[in-house]
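The values are calculated or read from the model by the stated rules, or taken from the named source; none is laboratory data. For clarity, every value in this text was computed on a predicted model and none was experimentally measured. With ideal geometry, Cβ positions are generated from the backbone for all residues, glycine too; neighbour counts draw on all protein chains shown.
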Amino acid sequence: MTTYAVIRRPTELDCLFNDIVSDKLSIDKTTSYLAHYYPKLKSIENIELLTLTLFKSKIFANISCFSVDVIAKLIDVYQYVLIEKYKITNPTIPFIEFYKSIYKTMCYTVTTDPDAYWKIIPVITGCISALSPMMRYNPYPVYSNVLHKTHKLFIELYDKAILSVMRANLPSDLRHPFLLSMSYIQEYLSNSLLESLILTSPNILSDITGLIFMSNEGLNNGSKFLNDLSYKELLIESPVLRSLNKWAFLYSKLVQRSSFQTAANSIAHITEFSSNIVKSLETIENSTDKWDLVKYCFFSIIIMFESLMGMVLTSKATTDLQFVIFNQIHRTLFNFSYVLDHIGTGGFESYNFVFDSSTTLFQRAPQCVANLGYSLLNELSLLSPPLFGIEKSKLDYFLRWTESLLPA
């Protein structure tokens, strides 16, 4: 009797897995598939299989395949998947089982391959960042205790993963995607992790300010303000610029644990950026729709400076590097004085704290004050009065600064 093999028709899920591991899927198509299929899966095995299959795709071929744009899209899709699954926990798999299966797959991945910690970072980051939106939707699920315990496990695994990547001494462009992941979940980073990051990566603050203000993924030393993209298009294109406030908070947490040398090196990028755009501020205001982005940058810089001054004030030591920092702060504020005049200082407590505290401490170094004063004075166009716009704002700032330095 002849026997025949039973040929099983490939399922939709089989086709999905084959597509993911093939070379034909773009990152946008991959994340679209993940967003569509994950919440609909009806077995834990398929959840785990889909996650493991993703790690075999060309996106995860090696760490150099990662970019800021790629990791942002992966983080966003896992955040979306978690939130959607939280809302529709049944009739498929209960949310908490779904959540735990993702965690289990991450653990399996790094247990079988200790060099794969970088792969799990976007998945973990997306899952961690989903907690706040989920709690806004339903703050008291019946499985609340289990949810928060599992969330804590995700954070502990993230700590191990990010430290593993930072210890690898990657070039700065390969570190950028992982810095972005930190900005997504900066409110969940523990004190012990922050301290370990400073020890492991002494240049992390400079990496952050370099990414934001100098790199092509960020503001590219101000050139992004003058390109052809609209403000909205620029934010769509750049995940770095979409969350400047989160970057500022991440910087603030790290700078409190840093040395004066590290801090001075990092804000050098900010000062250079401000010097490069100062002459273009009126053009940006009048000829583009990016003036709000300029103000957004300024507010973020003030948050950074506020934490930096807090670090200086709590330090018992006095070093020349402190005066280097004050110099950079006031040169940056001088360059942004036109922006400040539009905002005003009334009620702007963070700015007033930065200005007043740095000026007071700067008085301890008269020669440094004099050198900065001469430098700023040389940048004023005093030979062609009356002064308008940027030049008037710079002069007003200079006069206000010098007046504040005079003895009471």
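With the condition kept exactly as written, say whether any residue in the stretch 199-213 is hydroxyl-bearing (S, T, Y) and over 18 Å from I301 (Cβ atoms).
Of the stretch 199-213, the ones hydroxyl-bearing (S, T, Y) are 200-201, 206, 209.
After this cut, where a residue has to be over 18 Å from I301 (Cβ atoms) as well, the list is 200-201.
Checked against the condition, which is being hydroxyl-bearing (S, T, Y) and over 18 Å from I301 (Cβ atoms), the stretch 199-213 yields at least one hit.
N62 fulfils the conditions (1) crowded, with 19+ Cβ neighbours inside 10 Å; (2) under 24 Å from the mean Cα position of the chain (by Cα) except for a single criterion, (1). Restricting T271, T283, T262 to those that are over 16 Å from F336 (Cα atoms), of a type in the set (S, T, N, Q), in a helix (DSSP H, G or I) and not assigned by TED's automatic domain parsing to the domain that holds I155 reduces the list to T262. Annotation: Y251 fulfils all but one of (1) under 18 Å from the mean Cα position of the chain (by Cα); (2) modelled with pLDDT under 95; (3) crowded, with 19+ Cβ neighbours inside 10 Å; the unmet one is (2). Looking at the stretch 156-169, which of its residues are more than 17 Å from the chain's Cα centre (by Cα) and over 16 Å from D115 (Cβ atoms)? If the condition is that a residue be more than 17 Å from the chain's Cα centre (by Cα) and over 16 Å from D115 (Cβ atoms), then E156 is the only one that fits. Residues that are under 26 Å from G389 (Cα atoms), free of Cβ contacts under 8 Å to residues at least 40 places away in the same chain, buried (at least 16 other Cβ atoms within 10 Å of the Cβ) and not basic (K, R) are absent from the stretch 322-335 altogether.
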